[in-house]
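Structure first, commentary second.
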Amino acid sequence: TDQTSPADPFGFLGLTYDDVLLLPGYSDLAPSDIDTTSRLTREISLKIPLLSAAMDTVTESAMAIAMARQGGLGVLHRNLSIEDQAQQVDLVKRTQTGIITNPVTIGPDATLEELDTLAGQFRISGFPVVDLENKLIGMVTNRDLRFTPVAEWATTKVDEVMTPQPLITGPSTISRDDATLLLRKHKLERLPLIDPDGRITGLITVKDFVKSEQFPDSSKDGQGRLMVGAAIGYFGDSWQRATALIEAGVDVLVADTAHGNVRMLIDMVRRLKTDPATKDVQVIGGNVATRQGAQAFVDAGADAVKVGVGPGSICTTRVVTGVGVPQITAVYEASLACKPAGVPVIADGGLKHSGEIGKALVAGADSVMLGSLFAGCEETPGDLVLVNGKQFKTYRGMGSMGAMSSRGKKSYSKDRYFQAEVTSDDKIVPEGIEGQVAYKGPLSTVAHQLIGGLHQTMFYTGARTVPELQANGRFIRITSASLKESHPHDVQMTVESPNYSGF
Ligand code: XMP
């Protein structure tokens, strides 16, 4: 098939999630046999094939941390300054690690007021104190503040309250087991690591060790740090944004616009994958919805291709522009370009229930990106809103008036909708809406239901692994009558279900 020049002037039929079901298949699996590991990019695999959307009501550092702990990946939105987005990357990379390789330090002459600010900014409670050559001279923690009246914080220096050397330290190359022994033996909260010259090279905290045991599936880089993605564009200072994010330790850059089949964005991907300063980071290109669009990113060297033009719950692109491809067909078409090149596909937007994850994987995706299904989580940005005694969280399209206008604060992401140069709010043409979704509690419970659903998909279809599901899964097309049959019908729901809220 070739979508771009169909013999029939009306092209061929596009299908979406509600148009298909997966056929049940013979299964002799035990639930514990099932493995949901899948490829995110050419070089990164995830234990659970879920990404949280790069939207300002979905993914900032707290959500990215929660996603990586569960075994997925958060993609930080780009509707904020370069410095703020890079700081969000930094926050994720410093969290829950075996070893913090680049700990935040403080000088002996800093005041307790500065110490308190730094602790709040990085949400950490203890710092190695270093001299100008980065040599460890003491440790200081929030507890050390307690014995100085707040009124004296501005005039008291860190070296007056810190625990000075000699301290218990470990070598930079310490093993996990040796570190555990030292922490236990000396009842330490923190173990600084130093090189032979006494310079600080790392920090181990008891809290992080415990946490890393609690999240066995977490997505980690080669140094044991949580993985994180971040969105960038193609306009203005996007190259500086990309390099600042890399500097902060980002694992995956997502070159992201609502229409990814544009020269400047494809050039951005190509440049990122060829420039010596950036080529080692994984780069995802998006969004496309045709085979040709996906091929352009594959040819530019993208490490994965993100698919979806207009399927999202908050999107109005299809009605505002008349352009789009139903998502199951879009994913399938993109996979025809990506599969032969070994480039994974991400199905972005339009998922309403856990059952659609398996459908996306069988259609040709390797992972899915979710906005509305995650927007109600505790870890997303924004406060809870109480309406008629029920709790909600704000959820809005990145092409909505709220995200693109200067209402509230500067918009950094208008170029996602090719309106970077529109300066006056009344000239903006929105492609998304603003709304709210029911509050759902912590991501861990939401992800549990979604992945539980995928496990059941794999059991019902007899697939032990995601590649088996992709190879053997078969669709059946359904009618609107059978869609009605699929959902609860002819009964009034009386008890809310954790994984079903309605049609
Ligand atoms: P879901 O359905 O998971 O979709 O809520 C999330 C995805 O929707 C895309 N997105 C938009 N698309 N106008 C659009 O046409 C918008 O304002 C908008 N905001 C987000 C995006 O791909 C996201 O991951």
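Name the one entry in 311, 326, 344 that is out of contact with any Gly (no Cβ under 9 Å at 6 or more places or on another chain) and either of a type outside the set (S, T, N, Q) or within 9 Å of the ligand (Cβ to nearest atom) (or both).
Values: 311 fails: out of contact with any Gly (no Cβ under 9 Å at 6 or more places or on another chain); 326 fails: out of contact with any Gly (no Cβ under 9 Å at 6 or more places or on another chain).
Checking each option against the conditions leaves just 344.
Of the conditions (1) more than 16 Å from the ligand (Cβ to nearest atom); (2) surrounded by fewer than 23 Cβ atoms within 10 Å (Cβ to Cβ), residue 333 satisfies every one except a single condition; which number is it?
Only one criterion in (1) more than 16 Å from the ligand (Cβ to nearest atom); (2) surrounded by fewer than 23 Cβ atoms within 10 Å (Cβ to Cβ) is unmet by residue 333, namely (2).
Only one of these conditions is not met by residue 29: (1) in contact with a Lys or Arg (Cβ under 7 Å, 6 or more places away or on another chain); (2) over 23 Å from residue 414 (Cβ atoms); (3) modelled with pLDDT of 95 or more. Which number is it?
(3)
Name the single residue that is farthest from the ligand (Cβ to nearest atom) among those in region 373-400 being hydroxyl-bearing (Ser, Thr, Tyr) and open to solvent by less than 30 Å² (accessible area, probe 1.4 Å).
So in region 373-400, the residues hydroxyl-bearing (Ser, Thr, Tyr) come out as 380, 394-395, 400.
Still in the list and also open to solvent by less than 30 Å² (accessible area, probe 1.4 Å): 380, 395, 400.
On the way: 380: 12, 395: 7, 400: 5 Å.
Per the stated criteria, the residue is 380.
Go through region 256-306 and report how many residues are assigned to a loop (DSSP other than H, G, I, E, B) and of a type in the set (Phe, Trp, Tyr).
0
Are there any pairs with C-beta distances below 6 angstrom linking a residue in region 484-503 that is more than 16 Å from residue 450 (Cα to Cα) to a residue that is open to solvent by less than 100 Å² (accessible area, probe 1.4 Å) and part of a loop (DSSP other than H, G, I, E, B), with the two at least 6 apart or on different chains, and if so which?
That search, which allows pairs on different chains as well, returns 503/487.
Exactly one of these conditions fails for residue 471: (1) aliphatic (A, V, I, L, M); (2) in contact (Cβ under 8 Å) with a residue 24 or more places away in the chain; (3) closer than 20 Å to residue 21 by Cβ. Give me its number.
With respect to (1) aliphatic (A, V, I, L, M); (2) in contact (Cβ under 8 Å) with a residue 24 or more places away in the chain; (3) closer than 20 Å to residue 21 by Cβ, residue 471 is out only on (2).
Within the bounds of region 306-320, is there any residue that is open to solvent by less than 10 Å² (accessible area, probe 1.4 Å) and hydrophobic (A, V, I, L, M, F, W, C)? Steps first, please.
Initially, region 306-320 is screened for residues open to solvent by less than 10 Å² (accessible area, probe 1.4 Å), giving 306-308.
Restricting the remaining residues to those that are hydrophobic (A, V, I, L, M, F, W, C) gives 307.
Within region 306-320 (the criterion being open to solvent by less than 10 Å² (accessible area, probe 1.4 Å) and hydrophobic (A, V, I, L, M, F, W, C)), the answer is yes, since at least one residue qualifies.
Go through region 424-452 and count every residue that is closer than 26 Å to residue 365 by Cβ and surrounded by 18 or more Cβ atoms within 10 Å (Cβ to Cβ).
9
For region 251-265, check the following and say yes or no: at least one residue is open to solvent by 70 Å² or more (accessible area, probe 1.4 Å) and more than 30 Å from residue 291 (Cα to Cα). Even if it seems obvious, please write down each step before you answer.
So in region 251-265, the residues open to solvent by 70 Å² or more (accessible area, probe 1.4 Å) come out as 259, 263-264.
Right, trim to more than 30 Å from residue 291 (Cα to Cα) and you get none.
The answer is no, given that none of the residues of region 251-265 is open to solvent by 70 Å² or more (accessible area, probe 1.4 Å) and more than 30 Å from residue 291 (Cα to Cα).
Of (1) out of contact with any helix residue (DSSP H, G or I) (no Cβ under 8 Å at 6 or more places or on another chain); (2) not in a helix (DSSP H, G or I), residue 352 satisfies all except one. Which?
Among (1) out of contact with any helix residue (DSSP H, G or I) (no Cβ under 8 Å at 6 or more places or on another chain); (2) not in a helix (DSSP H, G or I), residue 352 violates only (1).
In this structure, does residue 361 turn out to be over 19 Å from the mean Cα position of the chain (by Cα), under 20 Å from residue 41 (Cβ atoms) and either more than 13 Å from the ligand (Cβ to nearest atom) or buried (at least 22 other Cβ atoms within 10 Å of the Cβ) (or both)? Talk me through it step by step, then tell me what you get.
Values: over 19 Å from the mean Cα position of the chain (by Cα): no; under 20 Å from residue 41 (Cβ atoms): yes; either more than 13 Å from the ligand (Cβ to nearest atom) or buried (at least 22 other Cβ atoms within 10 Å of the Cβ) (or both): yes.
The answer is no for residue 361.
May I ask you to list the residues in region 402-423 that are open to solvent by 60 Å² or more (accessible area, probe 1.4 Å) and touching a helix residue (DSSP H, G or I) at 6+ places or on another chain (Cβ under 9 Å)? Outline the logic, then answer.
Residues of region 402-423 that are open to solvent by 60 Å² or more (accessible area, probe 1.4 Å), as a first pass: 406-410, 412, 418, 421, 423.
Once the filter is applied, which keeps residues that are open to solvent by 60 Å² or more (accessible area, probe 1.4 Å) and touching a helix residue (DSSP H, G or I) at 6+ places or on another chain (Cβ under 9 Å), region 402-423 yields 406, 407, 408, 412, 421.
So which helices (runs of 4 or more DSSP H) are wholly in region 78-178 and hold at least 3 residues that are open to solvent by less than 40 Å² (accessible area, probe 1.4 Å) and in contact with a helix residue (DSSP H, G or I) (Cβ under 8 Å, 6 or more places away or on another chain)? Lay out the reasoning, then the answer.
Details: elements: 82-93, 112-122, 158-161.
In region 78-178, 82-93, 112-122 are the helices (runs of 4 or more DSSP H) which contain 3 or more residues that are open to solvent by less than 40 Å² (accessible area, probe 1.4 Å) and in contact with a helix residue (DSSP H, G or I) (Cβ under 8 Å, 6 or more places away or on another chain).
Scan region 387-396 and give yes if some residue there is part of a helix (DSSP H, G or I) and in contact (Cβ under 8 Å) with a residue 40 or more places away in the chain, otherwise no. Give the steps one after another, and end with the answer.
Step one: of region 387-396, the residues part of a helix (DSSP H, G or I) are none.
No, because not a single residue in region 387-396 is part of a helix (DSSP H, G or I) and in contact (Cβ under 8 Å) with a residue 40 or more places away in the chain.
Have a look at 80, 40, 76, 50 and point out the one that is within 16 Å of the ligand (Cβ to nearest atom) and in contact with a Pro (Cβ under 7 Å, 6 or more places away or on another chain).
Values: 80 fails: in contact with a Pro (Cβ under 7 Å, 6 or more places away or on another chain); 76 fails: in contact with a Pro (Cβ under 7 Å, 6 or more places away or on another chain); 50 fails: in contact with a Pro (Cβ under 7 Å, 6 or more places away or on another chain).
Checking each option against the conditions leaves just 40.
Criterion first (at negative phi, assigned to a helix (DSSP H, G or I), touching a residue at least 12 places away in the same chain (Cβ under 8 Å) and among the hydrophobic types (A, V, I, L, M, F, W, C)) does residue 54 satisfy it? Spell out the reasoning first.
Details: at negative phi: yes; assigned to a helix (DSSP H, G or I): no; touching a residue at least 12 places away in the same chain (Cβ under 8 Å): yes; among the hydrophobic types (A, V, I, L, M, F, W, C): yes.
In short, no.
Any residue in region 287-299 that is within 9 Å of residue 309 (Cβ to Cβ) sitting within a Cβ distance under 8 Å of a residue that is away from the ligand (no atom under 16 Å from the Cβ)? List the pairs, counting only those 6 or more apart or interchain.
From region 287-299, the pairs are 288/296; 289/333; 290/3; 290/4; 290/333.
Just checking, does region 412-435 include any residue being away from the ligand (no atom under 16 Å from the Cβ), outside any loop (DSSP other than H, G, I, E, B) and out of contact with any Ser or Thr (no Cβ under 6 Å at 6 or more places or on another chain)? I'd like the intermediate steps shown before the answer.
Residues of region 412-435 that are away from the ligand (no atom under 16 Å from the Cβ), as a first pass: 421, 423-424, 426-427.
Keeping just the survivors that are outside any loop (DSSP other than H, G, I, E, B) gives 426-427.
Now drop any that are not out of contact with any Ser or Thr (no Cβ under 6 Å at 6 or more places or on another chain), which leaves 426-427.
Yes.
Right, residue 277: among the small types (Gly, Ala, Ser) and open to solvent by less than 20 Å² (accessible area, probe 1.4 Å) or not? Show your work before the answer.
Numbers: among the small types (Gly, Ala, Ser): yes; open to solvent by less than 20 Å² (accessible area, probe 1.4 Å): no.
No; evaluated as a whole, the condition is false for this residue.
So residue 189 clears everything in (1) closer than 30 Å to residue 379 by Cβ; (2) open to solvent by 70 Å² or more (accessible area, probe 1.4 Å); (3) at pLDDT 90 or above except one condition, right? Which one?
(3)
Filter region 457-503 down to the residues that are outside any loop (DSSP other than H, G, I, E, B) and more than 29 Å from residue 32 (Cα to Cα) and list them by number. Write out each step before concluding.
First, pick out the residues of region 457-503 that are outside any loop (DSSP other than H, G, I, E, B): 457-461, 465-472, 475-477, 480-486, 497, 500.
Correct list: 477, 480, 481, 482, 483, 484, 485.
In region 287-305, which residue that is farther than 11 Å from residue 334 by Cβ and among the charged types (D, E, K, R) is surrounded by the fewest Cβ atoms within 10 Å (Cβ to Cβ)?
299
Exactly one condition in (1) closer than 19 Å to residue 344 by Cβ; (2) within 16 Å of the ligand (Cβ to nearest atom); (3) surrounded by fewer than 24 Cβ atoms within 10 Å (Cβ to Cβ) is not met by residue 284; state its number.
In the conditions (1) closer than 19 Å to residue 344 by Cβ; (2) within 16 Å of the ligand (Cβ to nearest atom); (3) surrounded by fewer than 24 Cβ atoms within 10 Å (Cβ to Cβ), residue 284 misses (3) alone.
The values are calculated or read from the model by the stated rules, or taken from the named source; none is laboratory data. Worth saying up front: this structure is predicted, and the values here are computed from it rather than measured. Quick reminder, even Gly has a Cβ in these numbers, built from the backbone with ideal geometry, and neighbours come from all protein chains shown. The accessibility values were calculated without ligands, DNA or RNA, using every heavy atom of the protein model including side chains. Shrake-Rupley method; radii C 1.70, N 1.55, O 1.52, S 1.80 Å.
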